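Scroll down for the structure; my scribbles are underneath it.
The values are calculated or read from the model by the stated rules, or taken from the named source; none is laboratory data. A quick note: this is a predicted structure, and the numbers were derived from the prediction, not measured. Please note: Cβ atoms are built from the backbone with ideal geometry, for glycine as well, and neighbour counts cover all protein chains shown.
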Amino acid sequence: MQKTIFVVIYKNFLVYDSSAMIIKMHHRYFSYTKVFITTLALTVATLAVYTYERGISSYVFIPEFSEEVIATSSQSIAQSALPPAVLQASVCDAKTIFSDESDRRWCSALPLADQMRLFQIDLTHEKILFFQHGILQKIFPLAYQAPYGKWFQTPTGFFEVGVKREKFMSSIFPVWMEHAVQIYEDFFIHGIPYHTDGTKVTSQFSGGCIRLEDPVAADFYDTAQKGDMIVSYLSLADAQIKNNMISPVDTNSFWIRQRFNSPLKTDWSWHEDKQYNYIQHTGVDFAPYENAKDISVRAIASGTVELVVYNGIDDGGLGNAIIISHNIEGKKLYALYGHMASMELLKKGDTVDAGEKMGVVGNTGYGCNYWHVGTDGCDAMGDPDIHLHFEIKDKPILASPIPDTCILPSGKKTQCIGYTSHNPTDFGYRDPLLILFSSGVLPASAQTSIE
Ligand SMILES: [Zn+2]
């Protein structure tokens, strides 16, 4: 297995591991000092750590380069590191069970995580795909899910099967739920609830849980095992982009790992939100498929560069990020493109064309003070963390347009970045999915609840 490090001693240096497709731009170390000797010492020290941790065997030292070369080289590295496309390969075999013939389309969809047992909840198509060792075993149709856009909507992200309960009474209403499987905190997958007299609940209102028709719920209950991995997500497979818009990422190469307003349980103490202790995602996280062909980040419309931030102590956890002002539906709105591996040479005041490439998707930023994203807690450097955090909001700033008073565990008040303590629409954020796509992304059953 060949591994190589590229080092650029200039304003940035790149650490690159070709087998793991990890691309990092470290600007952080250079923010502390401008003294060359110190930066060189830090570079060597950091390299030593990376070399040791990753078993890297060869290096390429590039003494000095322009930022343009940095951007170009990291981009070509990123492209060449991608594994060959395997979309044509089938994930089904003779034992795959189809309750619906049209479900065969999922045979060409790669599993979103490499796990022995994996449940993928596709909230767009309202199906739960069950994989074992990368082979699709069975597909469970959803009956219905929570209304779209509410703070208690079904969360997206990586979870694990928690407790299983054959029958229990709801904590909110006096109704029975059967075959309940816990996804996350108060969010369950279960059968259709019924009243104490045995009559079914007719309301399709769900407080975030996913409901399955009873035989499906029983089957799902028997199949799920505590600790099985769950990925809850929206799909871009049938995404229809609006006429005057460009998707910020290639819809054939990406899926939506976290949607706008997705509730996220946190242990932090948040202003006015102590009762539930949930925070809400201010953007959409687009994650590339393992075999993604195009991981470019593109301008959704023509616009003007308002802010360029490099991965470092002032990045607010967003890493390499760009904010562009766009004229959207007659209004001036600001789109933030965050966590990029590398960026094109752009500065404040530059204009960009619709669809212009501005960088490459990555995993720069994070830091435990701000983020709890991905499957690996604070160590946000693994492949699962590569994504574009994309926001649309009222002001060209990293933080929430309306100052929030998020309180860190230390008691220190801080500005909310990437999350708000309540619905992000209250803080000057717009739902990017509603602005970008005309259909094919939001679940059919949720469309009616958007007004
Ligand atoms: Zn995000």
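Go through the residues of the stretch 340-354 one by one and say whether even a single one is in contact with a Lys or Arg (Cβ under 7 Å, 6 or more places away or on another chain) and within 16 Å of the ligand (Cβ to nearest atom). Quick ask: steps written out before the conclusion?
Keep residues of the stretch 340-354 that are in contact with a Lys or Arg (Cβ under 7 Å, 6 or more places away or on another chain), which gives 344.
Narrowing the set further to residues that are within 16 Å of the ligand (Cβ to nearest atom) leaves none.
Scanning the stretch 340-354, I find no residue that is in contact with a Lys or Arg (Cβ under 7 Å, 6 or more places away or on another chain) and within 16 Å of the ligand (Cβ to nearest atom), so the answer is no.
Tell me whether the stretch 161-182 contains one or more residues that are at pLDDT below 90, under 30 Å from Asp426 (Cβ atoms) and of a type outside the set (S, T, N, Q).
yes
Within the group Ile328, Ile324, which residue is among the β-branched types (Val, Ile, Thr) and in contact with a strand residue (DSSP E or B) (Cβ under 7 Å, 6 or more places away or on another chain)?
Values: Ile328 fails: in contact with a strand residue (DSSP E or B) (Cβ under 7 Å, 6 or more places away or on another chain).
The conditions single out Ile324.
Limited to the stretch 311-330, what total is found for residues that are in contact with a Lys or Arg (Cβ under 8 Å, 6 or more places away or on another chain) and either at pLDDT 90 or above or not in a loop (DSSP other than H, G, I, E, B) (or both)? Write out each step before concluding.
Residues of the stretch 311-330 that are in contact with a Lys or Arg (Cβ under 8 Å, 6 or more places away or on another chain), as a first pass: 311-313, 325-326.
When the remaining residues are screened for being either at pLDDT 90 or above or not in a loop (DSSP other than H, G, I, E, B) (or both), the result is 325-326.
Of the residues in that region, 2 qualify.
Mind checking which residues of the stretch 110-146 are in contact with a Lys or Arg (Cβ under 9 Å, 6 or more places away or on another chain) and at positive phi?
His133
Might you check whether a residue that is small (Gly, Ala, Ser), in a loop (DSSP other than H, G, I, E, B) and buried (at least 24 other Cβ atoms within 10 Å of the Cβ) occurs anywhere in the stretch 339-349? Full working, then the answer.
The first filter runs over the stretch 339-349 and keeps only residues small (Gly, Ala, Ser), leaving 341-342, 349.
Of the ones still in play, those that are also in a loop (DSSP other than H, G, I, E, B) are 341, 349.
Cutting the leftovers down to buried (at least 24 other Cβ atoms within 10 Å of the Cβ) gives us 341.
For the stretch 339-349, residues small (Gly, Ala, Ser), in a loop (DSSP other than H, G, I, E, B) and buried (at least 24 other Cβ atoms within 10 Å of the Cβ): present.
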